[in-house]
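J.: Sharing a structure here in structure tokens format.
The values are calculated or read from the model by the stated rules, or taken from the named source; none is laboratory data. Note that the structure is a prediction, hence the values are computed from the model and not measured. Here the Cβ positions follow ideal geometry from the backbone for every residue, glycine too, while neighbour counts run over all protein chains shown. Side chains are part of the model used for accessible areas, which takes the heavy atoms of the whole protein and leaves out ligands, DNA and RNA. Shrake-Rupley method; radii C 1.70, N 1.55, O 1.52, S 1.80 Å.
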Amino acid sequence: MTTTSQDRGTAVTGPDEVVSPAAPGSWGGIELGTAPDGTSVVHLWGDVDAGLREEASVVMAQVVLRAGPVVVDAADVTFLDSTGLAFVLQLVRAGEEEGRTVVVLDPPDGVSDLIELAGMTDLIPVRRTTAPD
């Protein structure tokens with residue numbers, strides 16, 4: 001399956017792994033895919049919170065089995081709580097331990113604000129391909 005994000009001009013093949021559907025009542029999700037260059041792409045959307053803990057664990061386990069850079073596509077996140085932020089930080093830390101680049105791509109202003117408020121701007125690399133909200 002290939003998903004194309006016309007806004008950012010990226011094509012992602014995925015999801016590669018089966019990720020269980022979001023918990024009942026959840027309005028968000030996490031998928032793992034692969035860009036044409038082999039980069040692992042973790043796509044976050046909607047509410048990324050404690051309700052997605054199981055999906056986060058599955059994706060984390062799959063990411064650490066791969067080689068190469070990781071992009072966390074956060075452009076479609078509408079809400080991120082401390083659990084979601086901890087997941088992103090775990091991805092970054094795991095990448096650092098393995099000498100891999102992990103970057104958060106196009107987070108909405110609310111996510112960027114949370115990263116800043118938590119004092120993690122030096123810990124979580126952010127890359128923008130679009131103007132902030």
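J.: Looking at this structure, is Val12 modelled with pLDDT under 95 and either among the aromatic types (Phe, Trp, Tyr) or surrounded by fewer than 16 Cβ atoms within 10 Å (Cβ to Cβ) (or both)?
T.: no
J.: Taking Pro36 and the conditions (1) outside any helix (DSSP H, G or I); (2) closer than 16 Å to Val104 by Cβ; (3) open to solvent by 10 Å² or more (accessible area, probe 1.4 Å), which numbered condition does it fall short on, given that it satisfies the others?
T.: Evaluating Pro36 over (1) outside any helix (DSSP H, G or I); (2) closer than 16 Å to Val104 by Cβ; (3) open to solvent by 10 Å² or more (accessible area, probe 1.4 Å) leaves (2) as the failure.
J.: If you don't mind, another one. Here is a list: Val104, Val77. Which entry is in a strand (DSSP E or B) and in contact with a Phe, Trp or Tyr (Cβ under 8 Å, 6 or more places away or on another chain)?
T.: Val77
J.: Need pairs with beta-carbon distance below 9 Å; first residue of a type in the set (A, V, I, L, M, F, W, C) and within the range 95-106, second open to solvent by 70 Å² or more (accessible area, probe 1.4 Å); sequence gap 6+ or separate chains.
T.: Val102/Arg93; Val102/Glu96; Val103/Arg127; Val104/Arg127; Leu105/Arg127; Leu105/Arg128; Leu105/Thr129
J.: Return yes or no: is Arg93 basic (Lys, Arg) and either assigned to a helix (DSSP H, G or I) or buried (at least 19 other Cβ atoms within 10 Å of the Cβ) (or both)?
T.: yes
J.: Can you name the condition, by its number, that Arg53 falls short on among (1) charged (D, E, K, R); (2) outside any strand (DSSP E or B); (3) at pLDDT 95 or above?
T.: (3)
J.: If you don't mind, another one. Are any residues in the range 113-125 open to solvent by 30 Å² or more (accessible area, probe 1.4 Å) and under 13 Å from the mean Cα position of the chain (by Cα), and if so, which ones?
T.: Pro125
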